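Student: Structure below; questions to follow.
The values are calculated or read from the model by the stated rules, or taken from the named source; none is laboratory data. Given the structure is predicted, the values throughout are model-derived calculations rather than measurements. Cβ placement follows ideal geometry from the backbone for every residue including glycine, while neighbour counts extend to all protein chains displayed. Surface accessibility is based on the protein's heavy atoms, side chains included, excluding ligands, DNA and RNA. Shrake-Rupley method; radii C 1.70, N 1.55, O 1.52, S 1.80 Å.
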Amino acid sequence: MRSSFGLLGLAALAAASDVHDLTKETFDKFVGEHNLVLAEFFAPWCGHCKALAPEYEEAATTLKDKEIALAKVDCTENQDLCQEFGVEGYPTLKVFRGKDNIASYAGPRKAQAIVSYMTKQGLPAVSLLESQSVLSEFKTADKVVMVGFFDKDDKTSNATFTEVAEGLRDSFLFGATADAELAKAEGVKQPAVVLYKSFDEGKNIFEEAFTPEALEEFATTASTPLIGEVGPETYAGYMAAGIPLAYIFSETAEERASLASTLKPIAEKQKGKLNFATIDAKAFGQHGGNLNLEVGKWPAFAIQDISKNQKYPYSEQGSVSDLSEKNIGKFIDEYLAGKVEPSIKSEPIPEKQEGPVTVVVAKNYQDVVMDNDKDVLLEFYAPWCGHCKSLAPKYDELASMYKNFADKIVIAKVDATANDVPDEIQGFPTIKLFKAGEKEDPVDYSGSRTVEDLANFIRDNGSHKIDASDAKGAESMEGVETDGMPQQAPAATAEGVTESIKSAASEATEGVKTAMTEGEDTVEDHDEL
């Protein structure tokens, strides 16, 4: 009997959870009783939700002691509540400071990242550090923290530092002290800013002109490891960094560490010009194919110019000796001098365009899409993509509607897995409208994949304002949506990544590996980041 009771006790412990299950009836009261809540809106059938569950549980246990609550809402049983908060995909995570102060969670979906992100949300933009013990504790509170040392009457420096802290509070912890003795003990003189980190040299001192732009650039550069590692948790940060990324591919951790040690002098020399990172070729080898490396022939090295989405694979691969400091140093020097041509993967230009949809490849991309005064609707697709296959007959029908307007509108498609294209594509199908006269700023299509909605999108957003209903043979429009069910939402790192990639190769990230909608066909089902 005693044994039976013990087993029941163990079962109860196993079932215990620090994540609070909320419903429409309990949600408002719970949010009102807690200063800070992270809520996950999920569906039981959602694969990404299942993957998130153990990470979310671990984070909830850690954050409980910080009085930060984690909750979840089953949207299949609380549809009205989920609709109230604009939930369109699963999982959707939102940060609540009361019911009326809501923000989207913009961090990765791993326990450590959730803890770090929510810890920052629980602090003021700038924490006051009034003693050596508080400063010492704060310096190790996260992987990267920034501390300002300013006289209390230095309103300009304090205001500038606070402005930067408000803008970057999701990424870093910020603290400040007015104690000149603390500054002296840290080897600086007021005014000063020091970035403390748990890697590389341990800290960096800001020495540029004291402007928000200079501080932000310092934070981004100094917080990036000299040679880090690319993975689901770091990919978006590298994509948003604004400078090219040099990849070191290898299948073993030991070899990656050895290569990182070999190439460290180059990384130090080129810091601020390129970021360097190792990458697990066994887990993410297919990404080497995206960089036009020969997949399976490791170790290997490649540079990606994120802002232009250009790839520079190092030609020699397969041997550690190929990636010597001398060889890679020379390759990088030539790259920075503009002496290395980007590698462009392209299918042959079609000898004849067959069917109503124009086929685009890398070699004719500029001519068909960019160098003309036509509106071009371009679908970026993958041959294995189920949604692309479903869209194909509708896309053909759409193209047929514009045959009488071929001098003004082109309906086109490109296999983004077989051709290098200027834009970083995260999910398939991706549809963009390149407007005549505004080709450098394409309009993303996010509506239903019906012929009617696509035609209306072209009419409303195209430079030529062509109404397809005027086209011969367009008497009937199809109106059945392909997306009947809510889809899995992109990872939060991806929401933060869409804006940042626009300014430094935007749209990178969400989507890779940690991100992407389950309803969309994405590279996640392969071995992408």
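Student: Remind me, what semi-axes does the range 196-235 give for its equivalent ellipsoid, largest first in whole Å, using sqrt of 5 times each Cα gyration tensor eigenvalue?
Tutor: Value: 22, 13, 6 Å, ordered largest first.
Student: Next question. Which whole-Hz couplings ³J(HN,Hα) result when phi for each residue of the range 307-316 is put into the Karplus expression 6.51 cos²θ - 1.76 cosθ + 1.60, θ = phi - 60°, listed in order with x for Gly and Pro?
Tutor: Ordered by residue, 3J(HN,Hα) equals 5, 10, 6, 10, 10, 10, x, 6, 5, 8 Hz.
Student: On the protein heavy atoms, probe 1.4 angstrom, tell me the percent of accessible surface of the chain carried by carbon and sulfur. Kindly include the intermediate steps, with their values, before the conclusion.
Tutor: Details: 12160 of 25020 Å².
Taking all protein chains in place, the chain shows 49 percent carbon and sulfur surface.
Student: Hey, what did the chain get for relative contact order, percent, Cα under 8 Å, at least 6 apart? Mind dumping the intermediate values first?
Tutor: Numbers: 982 pairs, mean separation 65.8, N = 529.
With pairs under 8 Å counted, the relative contact order is 12 percent.
Student: Could you name the lysines whose alpha carbon sits less than 17 Å from that of LYS403, not counting residues in the same chain fewer than 8 places away?
Tutor: List returned: LYS352, LYS374, LYS394, LYS413, LYS465, LYS472.
Student: Mind checking the per residue accessible area of the range 107-265 for me, 1.4 Å probe, whole number of Å²?
Tutor: Details: 7150 Å² over 159 residues.
On a per-residue basis, 45 Å².
Student: Taking R0 as 45 Å, what FRET efficiency do you get between GLU33 and ASP460 from their Cβ-Cβ distance, rounded to the nearest 0.05? Spell out each step's value before the answer.
Tutor: On the way: r = 46 Å, r/R0 = 1.01.
Efficiency, rounded to the nearest 0.05: 0.50.
Student: Report, to one decimal in Å, the Kirkwood hydrodynamic radius for the range 167-229 based on all distinct Cα pairs. Mind dumping the intermediate values first?
Tutor: Values: mean 1/r = 0.0780 Å⁻¹.
Taking the inverse mean of 1/r over all distinct Cα pairs, the range 167-229 comes out at 12.8 Å.
Student: Assign unit charges at the C-beta atoms only (+1 for Lys and Arg, -1 for Asp and Glu), then state the dipole size of the chain relative to its Cα centre in Debye, rounded to the nearest 20. Working shown, then result.
Tutor: On the way: 52 positive and 90 negative charges, 183 e Å.
For the chain, the charge dipole is close to 880 debye.
Student: Mind checking which aspartates and glutamates have their Cα closer than 20 Å to the Cα of LYS297? Skip sequence neighbours fewer than 8 apart in that chain.
Tutor: LYS297 reaches GLU229, GLU251, GLU254, GLU255, ASP280, GLU316, ASP322, GLU325, ASP527, GLU528.
Student: Beyond 27 Å, what share of the Cα-Cα pairs of the range 226-359 is found? Please give it as a whole percent.
Tutor: Here the tail beyond 27 Å accounts for 20 percent of pairs.
Student: Now for a separate question. Rounded to the nearest whole Å², what accessible area per residue is found for the range 314-462 with the 1.4 Å probe?
Tutor: Values: 6970 Å² over 149 residues.
Dividing the accessible area of the range 314-462 by its residue count gives 47 Å².
Student: Put +1 on the Cβ of every Lys and Arg and -1 on every Asp and Glu Cβ in the chain; which of HIS48, ALA399, GLY98 then has its Cα farthest towards the positive end of the dipole?
Tutor: Farthest towards the positive end: HIS48.
Student: Could you work out Rg/(2.2 N^0.38 Å) for the chain, with Rg from alpha carbons only?
Tutor: On the way: Rg = 25.9 Å, N = 529, 2.2 N^0.38 = 23.8 Å.
Expressed relative to 2.2 N^0.38 Å, the Cα Rg reads 1.09.
Student: Which residues among the range 71-91 fall inside the zone where the amide N is under 19 Å from a point 7 Å beyond the Cα of LYS24, along Cα→Cβ?
Tutor: 72-89
Student: Sorted from largest down, what three extents in whole angstroms do the Cα atoms of the range 70-161 have along their principal axes?
Tutor: Cα extents, longest axis first: 54, 27, 17 Å.
Student: Still on this structure: Going by average Cβ neighbours within 10 Å, how do the peptides 337-343, 38-44 rank, with the highest at the top?
Tutor: Working: 337-343: 11.4, 38-44: 22.4.
Top to bottom by mean Cβ count within 10 Å: 38-44, 337-343.
Student: List the lysines whose alpha-carbon lies under 18 Å from that of LYS330, not counting same-chain residues fewer than 8 positions away?
Tutor: Counting by Cα, and skipping residues close in sequence, LYS330 has these lysines nearby: LYS264, LYS269, LYS271, LYS273, LYS311, LYS339.
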